[in-house]
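First the structure, in the form of structure tokens, and then the observations on it.
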Amino acid sequence: MESELIVTFMLSLSLLLVIVSAVRHYTRNFIIPGVTILMFLGAILAAAPIIGFEVDEFYNFIEALPEIILLVIIPILIFESGRKLKIGQIKKEAIPIGFFAIIGVILTIIIIGFAVNGVFQIPFIDALLFGAILAATDPVAVGVIFKKFPIPHKLNIIIEGESLFNDATGVISFNVIRGIIFSGVAFSLLDASISFIWSMVGAIALGTAIGWVGGKVLDKWKADEYVDFTFSLGLAISGYIVADHFLHVSGVVTTLFTALLLINNHKEISTGVRKLFHKYWDELGFVTNGILFFLIGIPLLAVGTAESIGFPLILIIVAPFAIMMMSRAVVVYGGSTFLRIFRVKIPVKWQNVLTLGGIRGGMTVALVLSLSAEYEFKNLFISLIIPLIAINLLVNPILLNQYLKKSKIT
């Protein structure tokens, strides 16, 4: 029986790699990103299981999705994105990145919390949990669109930096609010602030240490591209797990700073000598992104129906998307006005791109699926978020693509 499962799994994985490659090849010039198409293919597979899987096995697989996404896929994607950034670039845009990634996420949680509390009549603390799940943006799909247009370098740094750091803020906020709900302890701003600061500062220190030591080790070894790549992959995943499961600090921030410091301190990588190292990470990022969005599609049709959770279907589909876009617009346009105090000017065209680029993805799905089965609002949250992700990944790239064509941002 176990051998049959292994054979089925390996065959499924092989076919998935073929599908990812085919979608990448045939969608290079599509307006809709290939990752969006992969997501819908995942939904089709969930609706019509093939090659020996039963429906029950799909539901069992869905329960394991959060662990797969959080412990394997997210660390790889964070490192893959983080290696492209330079510490100097982050410092230059620290004020807008810090605002959108920290204050912006907290504002998003509050705005969504109030709106969801009013529309769906659930307790405010639970509505805040929903906001924390939905707060962080995902750079993957929007990055596909950006490759087709000459996006200003500064705007690109702000978007990438925000999307990398706001994952950490969103996850930390999610864990704090979830702890309040399930522990029954009254909310304490002091305790929440201490938890947030420890999670962020501890992660920066851990990631900096891992990346610095890793860079020095690779310099001492005078390693080739193969060793550089496998060594960095091991650091990315292990650092995330140590941070998240043992030290209870942000695994996302740990992995990001591991990437920044490793690339900065390993001279041959930082000077571009190790071109194959970056090609290996490009390939791994491509495959991992494809697998991630295919997995995101699997729960699309495995959610409760509108009738079973007591809300009209139109409300389930329209309201969350409208609330999410409203919160994004408030944070971007309001935040850009506020940042003028610090002499940071973000052009209106850039603000429009930041608003349309607020796409949600893998982290959001992983967080909502990780909620305890006993949590009374889990089915409602899943039924609201999974369709929202599908609409977000379909509508926003099209709107963003059209806007970038017409606005001619340079």
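Among the residues making up the stretch 309-366, a single one is part of a loop (DSSP other than H, G, I, E, B) and aromatic (Phe, Trp, Tyr): 311.
The listed residues are 197, 181, and the only one of them that is surrounded by fewer than 17 Cβ atoms within 10 Å (Cβ to Cβ) and closer than 19 Å to residue 132 by Cα turns out to be 197.
Which residue, of 88, 104, is more than 13 Å from the chain's Cα centre (by Cα) and surrounded by 23 or more Cβ atoms within 10 Å (Cβ to Cβ)?
Testing whether each residue is more than 13 Å from the chain's Cα centre (by Cα) and surrounded by 23 or more Cβ atoms within 10 Å (Cβ to Cβ) leaves just 104.
On inspection, residue 143 does not qualify as modelled with pLDDT of 85 or more and either touching a Pro at 6+ places or on another chain (Cβ under 7 Å) or farther than 21 Å from residue 386 by Cβ (or both). Residue 343 satisfies every condition listed in (1) touching a residue at least 60 places away in the same chain (Cβ under 8 Å); (2) surrounded by fewer than 17 Cβ atoms within 10 Å (Cβ to Cβ) except (1).
Part of a helix (DSSP H, G or I), of a type in the set (Gly, Ala, Ser) and either modelled with pLDDT under 85 or crowded, with 22+ Cβ neighbours inside 10 Å (or both): is that true of residue 239 in this structure? The answer is yes for residue 239.
In this structure, is residue 401 in a helix (DSSP H, G or I), at pLDDT below 90 and either within 16 Å of residue 324 (Cβ to Cβ) or of a type in the set (Ser, Thr, Tyr) (or both)? No.
The combined condition, being free of Cβ contacts under 8 Å to residues at least 60 places away in the same chain and more than 17 Å from residue 106 (Cα to Cα), is not fulfilled by residue 333. Selection of the stretch 180-201 for residues being among the small types (Gly, Ala, Ser) and touching a Ser or Thr at 6+ places or on another chain (Cβ under 8 Å) yields only 199.
Within the stretch 238-261, residues that are touching a residue at least 40 places away in the same chain (Cβ under 8 Å) reach partners that are of a type in the set (Asp, Glu) with beta carbons closer than 7 Å, at six or more positions or on different chains, in the pairs 251/244; 252/167. Within the set 149, 187, the sole residue that is touching a Lys or Arg at 6+ places or on another chain (Cβ under 9 Å) and aromatic (Phe, Trp, Tyr) turns out to be 149.
All of 217, 176 fail the test of being within 27 Å of residue 89 (Cβ to Cβ) and either in a helix (DSSP H, G or I) or polar (S, T, N, Q) (or both), apart from 217. Restrict the check to the stretch 248-263 and report whether at least one residue is among the aliphatic types (A, V, I, L, M), within 29 Å of residue 378 (Cα to Cα) and either assigned to a helix (DSSP H, G or I) or modelled with pLDDT under 90 (or both). Yes, the stretch 248-263 contains at least one residue that is among the aliphatic types (A, V, I, L, M), within 29 Å of residue 378 (Cα to Cα) and either assigned to a helix (DSSP H, G or I) or modelled with pLDDT under 90 (or both).
Name the one entry in 21, 12 that is at pLDDT 80 or above, among the polar types (S, T, N, Q) and part of a helix (DSSP H, G or I).
21
The condition (being closer than 20 Å to residue 384 by Cβ, at pLDDT 85 or above and out of contact with any strand residue (DSSP E or B) (no Cβ under 6 Å at 6 or more places or on another chain)) is satisfied by just one residue among 120, 100, 79: 120.
In the set 192, 203, 209, which member is out of contact with any Asp or Glu (no Cβ under 7 Å at 6 or more places or on another chain) and farther than 24 Å from residue 371 by Cα? So the residue among 192, 203, 209 that is out of contact with any Asp or Glu (no Cβ under 7 Å at 6 or more places or on another chain) and farther than 24 Å from residue 371 by Cα is 209.
The values are calculated or read from the model by the stated rules, or taken from the named source; none is laboratory data. Everything quoted here is computed from the prediction, not taken from an experiment. With ideal geometry, Cβ positions are generated from the backbone for all residues, glycine too; neighbour counts draw on all protein chains shown.
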